[in-house]
Amino acid sequence: MAPAASNPKTPHAPTKFVPSTIYKPAVLHPPHSLSKIGQSGHWVPYPLGLMPYDSWYKLHHSNGADIQPKPALSCPVCGGKREMTAHMHKLFLVAERLTWEDDLLSVHDKELNANLNLKINNEHGIQRPIVNNSVHLPGSKYSKMNKFHPYYNEHEMMLALELLSATESLTEASWSLWLEMQLYAEKIWGAGETTGSLSSETMAGEHMRAPDTTSHDCVSERPRHTSGLLTPPLSSEKEPVHEDASLKTSTTTVLPIHAAISAMQQSRSTTNATTSSSCSNRIISYRSLQDFYTLLDQIERTSYVGALFLESYAERLKDDMCKDCWFAHNVRLDVF
């Protein structure tokens, strides 16, 4: 819908300047050797280049378009063909949408993603459209009010990212089992002791906090550390001071999700966890598999959760392999 024309006789009231933070994932891994990035003009944003070209093409076009022979999903390790699950396709479509940049996005690609996503949603029993991406605001609209949007709290957000990074397929049975385990843990150990405090302060010590990497039009290189955990900066941290605030409407921050997920796993083993409020460490937003997938479509581009999702997806792609390769890599037959 086109914006309404303003009436010069009744000027709009001045809006208060509220700086936004644009979050982007940290680029931690090089492209896959078979990604074909840089060949024949092919390019895809990070982390989509961490998979072979044939896999990207199959996930991007689904039916293979007019290419003959039609590309198939392949194992990044052995190159063998593998089956594309609805779960794998869903995660790709969400990640692809979150990497969009308005000045580089074609209408064809946007419509293709929307149509494929609608098809996958129908397979999961989600009938209503829920992707609201017609107008994109730097730093996202709803994430300004809730840093963990579309999730209710940081606890359920981290649980969701952890599950997504470790699963190739989700069924009603596996989902129900996972959810029952989480709810049982909440009931037995209490909300505060289920995963401990998942705030950025307790993920790592203050001396290991990631340095300020905000800038107006570029992303600073994230320094490497030999030990400890890096944590995403708090949204409440002080914004850099500028001489003219009107010239700067957003900042860009790089987030290391792998450190946050590792910290969450370590915090589970802590016996003296900090007790939080009754809702801060409980699953509130999703109870069904349909709820879970619906929330993925509500993750906003350039938001805090959007950057975390992309880095989680990058770690998934980096370690991705077929079942045969996983068995050969993790099971030693010579010990039997």
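Structure values in brief
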| item | result |
| --- | --- |
| Note, ³J(HN,Hα) from phi for the range 155-163, Karplus 6.51, -1.76, 1.60, rounded to Hz, x at Gly and Pro | 4, 6, 5, 5, 4, 5, 5, 5, 5 |
| Amide proton proximity set for LYS36, modelled H, under 5 Å, gap of 5+ | TYR53 |
| Entries of LYS144/LYS318; LYS24/LYS81; LYS110/LYS141; LYS36/LYS318; LYS24/LYS90 with Cα pairs more than 26 Å apart | LYS144/LYS318; LYS24/LYS81 |
| Long-range HN-HN contacts of THR21 with modeled amide H, under 5 Å | THR251 |
| ASP324 versus ASP109: modelled label distance in nm, points set 7 Å from Cα along the beta carbon direction | 3.3 |
| Residues with amide H under 5 Å from that of TYR152, placed H, sequence gap 5 or more | ILE284, SER285 |
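Read-outs: derived from the displayed coordinates by stated rules, not from any lab. Keep in mind that this is a model prediction, so the values were computed, not measured. So basically every Cβ, Gly included, is an ideal-geometry build from the backbone, and we count neighbours across all protein chains shown.
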